[in-house]
Amino acid sequence: MSDQAHANPTGWRRWVLSTNHKDIGTMYLIFAIFAGIVGGAFSGLMRGELMEPGIAYLTMFTNGDVDAAKHFFNVLTTGHGLIMVFFMVMPALIGGFGNWFVPIMIGAPDMAFPRMNNISFWLLPAAILLLVLSTMIEGSTYPGVGTGWTVYAPLATSGHTGPAVDLAIFSLHLAGASSIMGAINFICTIFNMRAPGMTLHKMPLFVWSVLVTVFLLLLSLPVLAGAITMLLTDRNFGTHFFDAAGGGDPILYQHLFWFFGHPEVYILILPGFGLVSHIVSTFSRKPIFGYLGMAYAMVAIGVVGFIVWAHHMYTVGMDVDTKAYFTAATMVIAVPTGIKIFSWLATMWGGSITFETPMLFALGMIFLFTLGGVTGVVLANGGVDTAMHDTYYVVAHFHYTMSMGALFSIFAGWYYWIGKMSGKPYPQFISKLHFWLTFIGVNVIFFPQHFLGLAGMPRRIPDYPDAYSLWNYVSTVGYMITGVGTLVFLLGLFLTLRSKERVGDNQWGESATTLEWTLSSPPPFHQFNELPKIK
Amino acid sequence: MSLNKIFNVVTAFLVTFLTSGTVALADGIYKAKPDQLGFMEPATQVMRDIVSFHDGLLIMCIVVSLFVLSLMLIIFFRFNAKANPTPSKTTHHTGLEIVWTTIPIIILLVIAIPSFKLLYLQDVIPESDLTVKAIGNQWYWTYEYPDHDDFSFDSIMLTDEEAVAAGHPRLLGTDTHIVVPVNKTVRLIVTASDVIHSWAIPAFGVKIDAVPGKLNETWFNVEREGIYYGQCSELCGKDHGFMPIMVEVVSQEKYDAWIEMAREEYATIEKDNLTRVASALPAQQ
């Protein structure tokens with residue numbers, strides 16, 4: 001294959017000036033692992049503080065100043081949320097796996113706009129740098145942004161007078177611009193660069209999931225950008241969009257934020273849905289059951305995801321009829337989600353299943369996402385949510401969907417494709433140990449948090465009434481198990497990259513039918529110079 | 001198989017959780033208990049309805065989760081590569097797809113009816129017997145009794161030592177607190193002076209955001225005398241976890257006596273109307 005037109009760059013130029021979708025995908029994955037470790041460390045500090053009643057742990061980082069430690073806790077919750085959402089899950093699923101495999105799966109040589117792909121990635125290190133810097137400069141009395149990832153006004157305006165919030169806003173602007181450009185790139189790639197014969201209804205489900213996801217990004221992120229820009233002008237230029245004293249409304253910010261924020265949670269999980277479909281089909285040695293239903297269930301989730309946002313705001317004092325509408329609309333989402341779960345089960349039914357590591361993570365995801373889904377139906381009810389809102393029940397619910405739904409699908413995709421991406425096999429025992437430690441660990445962390453929430457423990461508090469100490473202790477023990485699991489993951493990554501073994505073109509056999517398995521492992525620097533024909 | 005074991009533990013948890021939904025109380029102090037798995041003992045009709053509706057939802061949760069789990073276990077045993085070396089080729093079954101679309105819709109419709117009943121019970125405020133106003137501040141609550149000359153007082157968390165001395169749980173006791181009569185409908189008006197807070201008492205089934213520049217209202221009618229605790233439920237800065245809410249529910253006679261006492265003790269507004277206007281405005285800093 002001749003590459004004279006764009007000679008293979010080497011050294012730093014290959015990465016910094018990269019226009020190659022696979023190299024950019026690799027950088028996204030490395031970035032996501034790095035951000036995941038930082039975000040995970042943040043949650044470790046929080047769980048360390050919450051292990052026992054009283055404030056005794058975070059004061060070690062604040063020279064014994066208890067007030068600074070309380071603010072530090074809020075900075076940690078904010079940082080953990082923003083990092084995991086914008087710098088771990090999105091870069092891993094959309095930037096990493098999306099960049100690597102969407103072009104290959106549709107038989108395209110690269111993304112539609114390779115240079116824009118480059119800047120989409122390189123805005124992210126700048127964005128996370130701004131966020132990290134924000135933790136070091138004045139927020140309120142103490143350094144850092146302690147507003148939660150939602151950055152509600154007026155806590156983020158009059159409640160945080162220092163420049164830290166401005167940096168966090170800029171960080172979100174950059175991350176948002178990065179994602180919008182990525183979204184445009186994926187839409188153009190998927191609509192225009194499919195190989196001959198690859199109609200929309202023959203597209204692999206992972207490509208479908210990314211297509212729906214990037215539409216959600218394109219439609220919701222500009223709303224966030226607008227909301228945080230208004231926050232910025234409220235803070236610095238004397239506007240009063242969210243200040244009641246100047247004729248504004250703090251609740252307006254919440255509507256704008258959640259109009260973005262709710263589609264955002266589907267942005268985090270939909271690519272995982274796509275991935276799990278491939279993995280379940282591959283290891284069941286069976287084609288996907290109900291392909292069209294699967295594809296359009298994701299479209300339905302995407303559409304309905306835009307009209308349910310105010311279920312995050314049941315206690316702000318909304319009109320009762322509005323609450324009734326959002327209750328009904330939210331419950332509707334359970335139907336397409338149920339279609340996905342049952343279609344996965346039907347794909348496995350009658351199959352000839354082998355329990356490789358990617359399959360274990362996919363199965364874990366299916367069951368744990370079901371648990372997160374049923375508590376979601378509970379929370380959808382405005383009446384019951386009065387008791388649950390802002391308690392640990394909500395924390396348990398969204399970690400079951402995100403940290404077990406989204407993260408398990410990331411790990412499933414990781415083990416499914418690491419052989420393809422690196423050409424080297426992952427270690428069997430170490431990867432299975434990683435699964436079991438993570439599976440047990442996250443359940444021990446988050447299942448008891450349902451009890452804490454029902455008993456009334458509020459979110460985002462560094463110290464709690466003594467009655468909540470038992471389950472908080474258990475939860476922190478779960479964190480330690482998960483932490484060991486993460487070390488095992490990193491060990492597995494190290495062993496994979498050092499491995500002398502090589503895997504063939506198709507590691508998983510006949511049932512892995514998508515186009516990436518027709519290429520070598522790792523694929524050539526430029527693939528499909530001659531477009532494949534799809535029958 | 002250890003996967004099984006994990007699932008069994010999870011199920012066992014769920015079952016315990018259902019059967020011990022509420023915790024009995026003896027001493028008239030209403031707060032969470034260390035081994036608690038479910039809601040606190042309800043003290044109002046609204047909370048009782050929340051608990052019983054949630055019990056129903058929990059059965060739905062358990063049935064759906066166990067259904068999915070048992071299908072997965074059947075799949076693991078019957079359709080693993082050893083037990084079933086030749087996979088089937090089935091990719092469609094319209095009937096099945098219709099079933100798993102319509103059955104969830106029916107379940108959701110069954111949920112929706114009691115859900116809306118509960119929502120309208122909570123949100124439609126009945127004729128009230130008295131009004132209390134709560135104002136969230138960083139980081140304490142201010143209460144006003146507009147029915148009784150608008151006397152007002154601040155309610156600040158006790159330190160750990162003070163709480164022990166006063167017999168309150170750590171982080172939940174306050175120096176002053178509101179007192180309301182038992183079996184009377186209290187209308188609560190909530191607002192804030194700086195950032196958003198949220199006024200919540202789990203045993204009442206009440207949680208309502210205190211938003212600066214906005215008056216929110218809710219209500220409760222407590223059926224039993226005692227002391228009830230709650231905590232601020234919207235992140236409001238450094239001491240968000242340290243501005244508890246404490247309500248004492250007493251008989252009408254005790255309440256009348258308390259009002260007499262409080263009117264003396266907390267009377268900040270005398271005949272000077274200007275002071276009244278000034279104090280009604282949120283403090284600007």
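The values are calculated or read from the model by the stated rules, or taken from the named source; none is laboratory data. No experiment lies behind these values; they were computed from the predicted model shown. Methodologically, a virtual Cβ is constructed for each residue, glycine included, from the backbone with ideal geometry; neighbour enumeration extends over all protein chains shown. The area values use the complete protein model at the heavy-atom level, side chains included, leaving out ligands, DNA and RNA. Shrake-Rupley method; radii C 1.70, N 1.55, O 1.52, S 1.80 Å.
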**OP:** For residues that are over 16 Å from residue A:86 (Cα atoms) and in contact (Cβ under 8 Å) with a residue 24 or more places away in the chain, scanning just segment A:146-160, find the one that is surrounded by the fewest Cβ atoms within 10 Å (Cβ to Cβ).
**Re:** A:158
Subject >> Unique match (being surrounded by fewer than 21 Cβ atoms within 10 Å (Cβ to Cβ) and under 22 Å from residue A:413 (Cβ atoms)) among A:504, A:492 >> reply: A:504
Original post:
For segment B:194-204, what are the residues that are farther than 19 Å from residue A:312 by Cβ and open to solvent by less than 30 Å² (accessible area, probe 1.4 Å)?
Top reply: B:201, B:203, B:204
**OP:** Out of A:77, A:59, A:10, report the one residue that is free of Cβ contacts under 8 Å to residues at least 24 places away in the same chain and either within 25 Å of residue A:460 (Cα to Cα) or buried (at least 23 other Cβ atoms within 10 Å of the Cβ) (or both).
**Re:** A:59
Original post:
If we keep just the residues of segment A:476-535 that are part of a loop (DSSP other than H, G, I, E, B) and of a type in the set (Lys, Arg), which is nearest to residue A:424 (Cα to Cα)?
Top reply: A:502
Original post:
Which residues, counting only those in segment A:475-485, are open to solvent by less than 40 Å² (accessible area, probe 1.4 Å) and of a type outside the set (S, T, N, Q)?
Top reply: A:478, A:483, A:485
**OP:** Go through segment A:370-400 and give me each residue that's touching a residue at least 60 places away in the same chain (Cβ under 8 Å) and among the aromatic types (Phe, Trp, Tyr).
**Re:** A:392, A:393, A:398
**OP:** Mind counting the residues in segment A:202-239 that are in contact (Cβ under 8 Å) with a residue 12 or more places away in the chain and outside any helix (DSSP H, G or I)?
**Re:** 2
Original post:
Taking the condition in contact (Cβ under 8 Å) with a residue 60 or more places away in the chain, within 14 Å of another protein chain (Cβ to nearest Cβ) and assigned to a helix (DSSP H, G or I), does residue A:86 pass?
Top reply: no
Original post:
Restricting to segment B:225-246, what's the tally of residues that are over 15 Å from residue B:136 (Cβ atoms) and buried (at least 18 other Cβ atoms within 10 Å of the Cβ)?
Top reply: 4
Subject >> Checklist (1) touching a His at 6+ places or on another chain (Cβ under 9 Å); (2) crowded, with 22+ Cβ neighbours inside 10 Å; (3) more than 12 Å from every other protein chain (Cβ to nearest Cβ) applied to residue B:207, failing item >> reply: (3)
Original post:
Got at least one residue in segment B:125-144 being assigned to a loop (DSSP other than H, G, I, E, B), under 16 Å from residue A:323 (Cα atoms) and free of Cβ contacts under 8 Å to residues at least 12 places away in the same chain?
Top reply: no
Subject >> Criterion violated by residue A:293 - all others in (1) under 22 Å from the mean Cα position of the chain (by Cα); (2) at the interface with chain B (Cβ under 7 Å from one of its Cβ atoms) satisfied >> reply: (1)
**OP:** Mind telling me which of the residues B:222, B:182, B:186 ends up being away from chain A (no Cβ under 14 Å), touching a residue at least 60 places away in the same chain (Cβ under 8 Å) and open to solvent by less than 10 Å² (accessible area, probe 1.4 Å)?
**Re:** B:222
**OP:** Please verify whether segment A:50-60 includes one or more residues that are assigned to a helix (DSSP H, G or I) and among the acidic types (Asp, Glu).
**Re:** no
**OP:** Output the residue which, of all residues in segment A:389-409 that are within 21 Å of residue A:270 (Cβ to Cβ) and either open to solvent by less than 20 Å² (accessible area, probe 1.4 Å) or among the small types (Gly, Ala, Ser) (or both), is nearest to the chain's Cα centre (by Cα).
**Re:** A:406
Original post:
Tell me, which residue of segment B:120-129 that is open to solvent by less than 70 Å² (accessible area, probe 1.4 Å) and touching a helix residue (DSSP H, G or I) at 6+ places or on another chain (Cβ under 9 Å) is nearest to the other protein chains (Cβ to nearest Cβ)?
Top reply: B:123
Original post:
Would segment A:339-353 turn up any residue that is within 21 Å of the chain's Cα centre (by Cα) and of a type in the set (Lys, Arg)?
Top reply: yes
**OP:** Look at segment A:161-177 and say how many of its residues are crowded, with 24+ Cβ neighbours inside 10 Å and polar (S, T, N, Q).
**Re:** 1
Original post:
Tell me, which residue of segment A:457-467 that is farther than 23 Å from residue A:149 by Cβ and open to solvent by 10 Å² or more (accessible area, probe 1.4 Å) is farthest from the other protein chains (Cβ to nearest Cβ)?
Top reply: A:466
Original post:
If you check residue A:386 against the conditions, is it surrounded by 24 or more Cβ atoms within 10 Å (Cβ to Cβ) and either under 30 Å from residue B:110 (Cβ atoms) or aliphatic (A, V, I, L, M) (or both)?
Top reply: yes
Original post:
Mind checking which pairs have a first residue in segment B:94-119 that is more than 7 Å from every other protein chain (Cβ to nearest Cβ) and open to solvent by less than 70 Å² (accessible area, probe 1.4 Å) and a second that is assigned to a helix (DSSP H, G or I) and of a type outside the set (Val, Ile, Thr), Cβ under 6 Å, 6 or more apart or different chains?
Top reply: B:114/B:53
Original post:
Which of the residues spanning segment A:261-288 are under 23 Å from the mean Cα position of the chain (by Cα), open to solvent by less than 10 Å² (accessible area, probe 1.4 Å) and either among the aromatic types (Phe, Trp, Tyr) or at pLDDT below 95 (or both)?
Top reply: A:273
**OP:** Mind telling me which of the residues B:80, B:84 ends up being farther than 30 Å from residue A:160 by Cα, within 8 Å of chain A (Cβ to nearest Cβ) and in contact with a strand residue (DSSP E or B) (Cβ under 6 Å, 6 or more places away or on another chain)?
**Re:** B:80
**OP:** Identify, from the list A:316, A:384, A:395, the residue that is within 7 Å of another protein chain (Cβ to nearest Cβ), within 27 Å of residue B:235 (Cβ to Cβ) and in contact with a Phe, Trp or Tyr (Cβ under 9 Å, 6 or more places away or on another chain).
**Re:** A:384
**OP:** Determine which single condition residue A:447 fails, assuming it passes every other condition in (1) more than 11 Å from chain B (Cβ to nearest Cβ); (2) more than 30 Å from residue A:511 (Cβ to Cβ); (3) among the aromatic types (Phe, Trp, Tyr).
**Re:** (1)
